[in-house]
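Remarks on the structure that follows.
Just so it is clear, none of the values below were taken in a lab; they were calculated from the coordinates. None of the values given here were measured: they were computed from a predicted structure. Cβ placement follows ideal geometry from the backbone for every residue including glycine, while neighbour counts extend to all protein chains displayed.
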Ligand code: UD1
């Protein structure tokens, strides 16, 4: 039987692929997992494979960091080489989300007439300044099977003339939260937060907020970072900030308010534990906006637009941008309507496996 080649490269893709890999296995669909090497630090990559039970990748391109062109090109060339060597055995190439690894993989496969499967298709911020927006628009154009988290994604695709192969399955990160929240509780291990600059691990002692920042529009602009930290400091308890490597070079020039605690990047189960205990989330991540929602936490999004527009309903998610006054205002503004389920039933990966089976006649 021919195989699906799955290409992953960045932290959130390991989470998404872990649940879909399980579903493919259960459905008897052979899969080969390949790592582009876009994320390479142990805390950004290896620890996720261990925790999530993802099989060791069959291959790692070790593309590493670089400019967008260089990183995308390196992954494109390596994917092409791989696909050429396995052409007869490959059913399709599966990619996730909107990173440089996603676009590079899709481009290599499409040029070789190998079907592209895109999980998390149809997302749009309508902001072409974001590299992710460029990656997702192009990946969707190149895909044969497009799995959307909600009707919003399918509507965006229709507006761009894409309707064949589009399926609304729900969001695979919902599956991950469902499966791994249980595991985090079962393991019964206390949450351990490791200070960024060394020092003894600690746990939460009172109400806490979780802060994450990794978008270049925020991290690369000192005024934006200062505004975010000033606004976040208004939270009445501790603000836990797991620091993405992108921030490292710029930390020395920042004034860190005393209630903001910098910690090392968190493994997925610890992130879920922290989220479960947190009172509030402040983030510019896409995935974390949804994870906050599923765990019924209020979220403040440090951007001016979101792809996850459904979470804005009732104020569960508020868009502030990097604006201290707007963040302060949002902190004092709790959700106004009861929580309701969004983005599927938590079994999106099973739906995806079933559709793949039917589509390819397996
Ligand atoms: C990438 C994705 C983004 C996704 C994010 C998840 C693109 C364009 N962006 O952003 O959509 O939300 O992953 O985290 O693909 N670095 C390390 N060690 C690592 C990884 C990165 O030190 O393991 C540093 C490097 O200096 C690198 C910088 O972080 O230049 C940014 O990494 P990169 O993979 O280019 O993009 P992310 O910001 O992680």
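Structure data summary
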{"item": "Pair list, Cβ < 9 Å and 6+ apart or interchain, from segment 235-251 residues that are farther than 22 Å from residue 192 by Cα and touching a residue at least 12 places away in the same chain (Cβ under 8 Å) to residues that are part of a helix (DSSP H, G or I) and away from the ligand (no atom under 11 Å from the Cβ)", "result": "250/222; 250/225"}
{"item": "Residues of segment 84-106 that turn out to be without any contact (Cβ under 8 Å) to a residue 60 or more places away in the chain, surrounded by fewer than 24 Cβ atoms within 10 Å (Cβ to Cβ) and in contact with a strand residue (DSSP E or B) (Cβ under 9 Å, 6 or more places away or on another chain), as a count", "result": "0"}
{"item": "Scope segment 158-174; condition closer than 25 Å to residue 17 by Cβ and part of a loop (DSSP other than H, G, I, E, B); matching residues", "result": "162, 164, 165, 169, 170, 171"}
{"item": "Residue list for segment 123-161, filter: within 16 Å of the ligand (Cβ to nearest atom) and in contact with a strand residue (DSSP E or B) (Cβ under 7 Å, 6 or more places away or on another chain)", "result": "139, 140"}
{"item": "Cβ pairs under 9 Å, 6+ apart, first in segment 56-69 and without any contact (Cβ under 8 Å) to a residue 24 or more places away in the chain and more than 17 Å from residue 216 (Cα to Cα), second in a strand (DSSP E or B) and more than 9 Å from the ligand (Cβ to nearest atom)", "result": "56/33"}
{"item": "Wholly within segment 1-118, strands (runs of 3 or more DSSP E) carrying at least 2 residues that are within 13 Å of the ligand (Cβ to nearest atom) and either closer than 28 Å to residue 195 by Cα or touching a helix residue (DSSP H, G or I) at 6+ places or on another chain (Cβ under 9 Å) (or both)", "result": "3-8, 90-96"}
